[in-house]
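Peer 1: Quick one: the structure is below, and I'll ask about it shortly.
The values are calculated or read from the model by the stated rules, or taken from the named source; none is laboratory data. As the structure is a computational prediction, the values presented were derived from the model and not from experiment. Counting neighbours? That spans all protein chains shown, and the Cβs are built from the backbone with ideal geometry, glycine included. Heads up: the accessible areas ignore ligands, DNA and RNA and are worked out on the full protein's heavy atoms, side chains in. Shrake-Rupley method; radii C 1.70, N 1.55, O 1.52, S 1.80 Å.
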Amino acid sequence: KAKGQGRNAYALFDTSLRDQVRDRMNLEQALRSALSRGELSVHYQPIADLATGELDGFEALMRWQHPTLGSVSPLDFIPIAEETGLIVESGAWLLREAAGQLAQWRAARGPGARPLHVSVNVSVRQLRDGALVGVVRDVLAETGLPPEALWLEITESGVMEELETALATLDALRDLGVTMAIDDFGTGYSSLSYLNRLPVGIVKLDRSFVCEVGRHGANESIVRAVLAMTRAMHLRVVAEGVETELQSDWLREQGCDLAQGWLYGKPALPAEHDELIHRATVR
Ligand code: C2E
Ligand code: MG
Ligand code: MG
Ligand code: MG
């Protein structure tokens, strides 16, 4: 079922197969012109340091405001953007946008402040496309950002799909000095040994593991094991989908580094974070 927000997004997929095919083609057609029509935007969600409560950075999340469908969920349009290759162009646009926004925020906070990062989702299709490394290099040069301030999130299933091509790109990105992160960690079916092969510095623990912690949930032992393993590998961990005080307290006690979720803030336009970036702590 479509997870789009408006009523129309539901109706769109709640139809016969023929209608679905037609709707899908319409959506694809609409997505082709979304970028040039200015229908795409970037929302930013704060990522907090669990130990100190300080802001560490933001994840950039793509939004599509369709003129008649309303807001279309990235869960619905990113797969289409990947299949059609449109993600290459819109992904490059988003990288520029997010890096520019981060540079602005860092300048606004001044040189003495804790340096913020921005984390951008990158799809397999972009890893496969030869242009990504060049785009990242250009964006870093244009913004003057230190490369480690730019995080690129990849999913483990995405990397495993095409390990050899992905590895070449990931190595080139590592050479640029950007920070690589594994997104939705724990949801793939691959072995853990790949973690040693990938040049990553961050693991983002999937929300499905986080939602039960602090209430003696079944996943607590898994989360503890992941934290022990990542500590041994000198990787930092971001807990995704932190919604309650209980979850954040438990994660802090277990030594988890960073957290992201509604407890700290929902994804929002940059202007809505203007006050946050000058505050001592996120909450
Ligand atoms: P993700 O990268 O794992 O992003 C986190 C998702 O969890 C976001 O959904 C965010 O709004 C949601 N979330 C954050 N905190 C909470 C919470 O406390 N509770 C709950 N229930 N949800 C929370 P969103 O923005 O709808 O994005 C969905 C997915 O779409 C992303 O998952 C990512 O895989 C993909 N995506 C979004 N933007 C881009 C993009 O620019 N490029 C690519 N390749 N993928 C993107
Ligand atoms: Mg992500
Ligand atoms: Mg994620
Ligand atoms: Mg996720």
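Peer 1: Which one of these does GLY188 not meet: (1) at pLDDT below 95; (2) within 16 Å of ligand 3 (Cβ to nearest atom); (3) open to solvent by 60 Å² or more (accessible area, probe 1.4 Å)?
Peer 2: GLY188 satisfies every listed condition except (3).
Peer 1: If we scan segment 143-150, do we find a residue that is small (Gly, Ala, Ser), within 17 Å of GLY201 (Cβ to Cβ) and touching a helix residue (DSSP H, G or I) at 6+ places or on another chain (Cβ under 9 Å)?
Peer 2: Yes, segment 143-150 has at least one match.
Peer 1: Show the residue pairs meeting these rules: Cβ distance below 7 Å; 6+ apart or different chains; first residue within segment 227-238 and surrounded by fewer than 20 Cβ atoms within 10 Å (Cβ to Cβ); second residue assigned to a helix (DSSP H, G or I).
Peer 2: Final answer for the pair search is MET233/LEU195.
Peer 1: Looking for whichever is open to solvent by less than 10 Å² (accessible area, probe 1.4 Å), within 16 Å of ligand 4 (Cβ to nearest atom) and in contact (Cβ under 8 Å) with a residue 40 or more places away in the chain here; the options are VAL120, VAL139. Which one fits?
Peer 2: Matching residue, one of VAL120, VAL139: VAL120.
Peer 1: Same structure again: Do the conditions hold for PRO79, that is, is it free of Cβ contacts under 8 Å to residues at least 60 places away in the same chain, farther than 30 Å from GLU245 by Cα and within 16 Å of ligand 3 (Cβ to nearest atom)?
Peer 2: Yes, satisfied.
Peer 1: Continuing with the same structure: Name every residue in segment 152-179 that is more than 16 Å from ligand 3 (Cβ to nearest atom), of a type in the set (Asp, Glu) and outside any helix (DSSP H, G or I), in order of residue number.
Peer 2: Within segment 152-179, just GLU162 meets the criteria.
Peer 1: Let me ask something additional. Checking the structure you have, find out if any residue of segment 130-151 is farther than 21 Å from LEU195 by Cβ, in a loop (DSSP other than H, G, I, E, B) and either within 16 Å of ligand 1 (Cβ to nearest atom) or modelled with pLDDT under 95 (or both).
Peer 2: The answer is yes, given that some residue of segment 130-151 is farther than 21 Å from LEU195 by Cβ, in a loop (DSSP other than H, G, I, E, B) and either within 16 Å of ligand 1 (Cβ to nearest atom) or modelled with pLDDT under 95 (or both).
Peer 1: Another question about this same structure. Just name the residue that is most open to solvent (accessible area, probe 1.4 Å) out of those in segment 206-222 that are away from ligand 4 (no atom under 15 Å from the Cβ) and in contact (Cβ under 8 Å) with a residue 12 or more places away in the chain.
Peer 2: Taking the candidates together, the pick is ARG215.
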